[in-house]
Amino acid sequence: MNAARVPGVAGMSLRASTLAVLAIIVAACAVASPSPVGPSPSAVGPSPSPVVAEDSSGPFKLQLALPRADWHATDTIKGEATLSLVGVETLKFGTTASGPVIFSFAEVGGSRSVKGISWADCKESTLEAAKPLVVPITKQGAYDPAAPSSDFKKWFMTDPLLQLPAGTWRITAVAYVNADDICPDENHALRVSVELHVTP
């Protein structure tokens, strides 16, 4: 006697097998798909903003600019002072022999500082409006060679890199220039300062 056949059973088995295969393929694709590489847009912080200070006197303008205000104690601090003319195309002027721009460094709320030195000798220079004088921030000052190695001025002045310990610091640029006579008195004194935050 022939066995009885149940209508639709074979079709249901075929459809179930097909669905199972599709489910396996979808799961495999989900596992194989790589996740996005790189930080999300929210993880990318804003670019640091430069810090700039300006002062003017007569035909002269002095600007001090650094690329950012936040630094680490291991960073080499970079920046520049720019002496330019306003309303004059060219001008001969007198300044100290140590240069038209002098830099000083002082700890805000602390006692550590190094003041730039201005020599009594003077010299003549020429400034053009189209060619401002750009002076990178440099160390200027004096220290006692016999001081212990823990002395801040000795450490700062003998370190070949321009670095500062952790804390808040003020960098000041001063320009003493004379537009009337080369010597002896400077009749224009320009001073600009910016503050930096240094972390360990």
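The values are calculated or read from the model by the stated rules, or taken from the named source; none is laboratory data. Note that this is a predicted model, so its numbers are computed, not measured. Glycine also receives a Cβ, built like all others from the backbone with ideal geometry; neighbour counts cover every protein chain displayed.
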Exercise. Any idea which of (1) within 30 Å of PRO165 (Cβ to Cβ); (2) in a strand (DSSP E or B) is the one SER84 doesn't satisfy?
Worked result: (1)
Exercise. So GLU80 clears everything in (1) of a type in the set (Asp, Glu); (2) touching a Pro at 6+ places or on another chain (Cβ under 6 Å); (3) loosely packed, with under 14 Cβ neighbours inside 10 Å except one condition, right? Which one?
Worked result: (3)
Exercise. Limited to the range 67-108, what total is found for residues that are in contact with a helix residue (DSSP H, G or I) (Cβ under 9 Å, 6 or more places away or on another chain) and within 17 Å of VAL51 (Cα to Cα)?
Worked result: 1
Seminar exercise, completed: Taking the range 119-173 and keeping only residues that are closer than 25 Å to LYS78 by Cβ, modelled with pLDDT under 95 and either outside any loop (DSSP other than H, G, I, E, B) or in contact with a Cys (Cβ under 7 Å, 6 or more places away or on another chain) (or both), one is left with SER125, LEU127
Exercise. Being at pLDDT below 90, aromatic (Phe, Trp, Tyr), part of a loop (DSSP other than H, G, I, E, B) and over 26 Å from THR76 (Cβ atoms), is that true of even one residue in the range 176-185?
Worked result: no
Exercise. Just wondering, is there one or more residues in the range 99-116 that are among the aromatic types (Phe, Trp, Tyr) and under 25 Å from PRO67 (Cβ atoms)?
Worked result: yes
Problem set entry | Options ALA129, ALA166, ALA142, ALA106; residue that is free of Cβ contacts under 8 Å to residues at least 40 places away in the same chain and among the aliphatic types (A, V, I, L, M) | ALA142
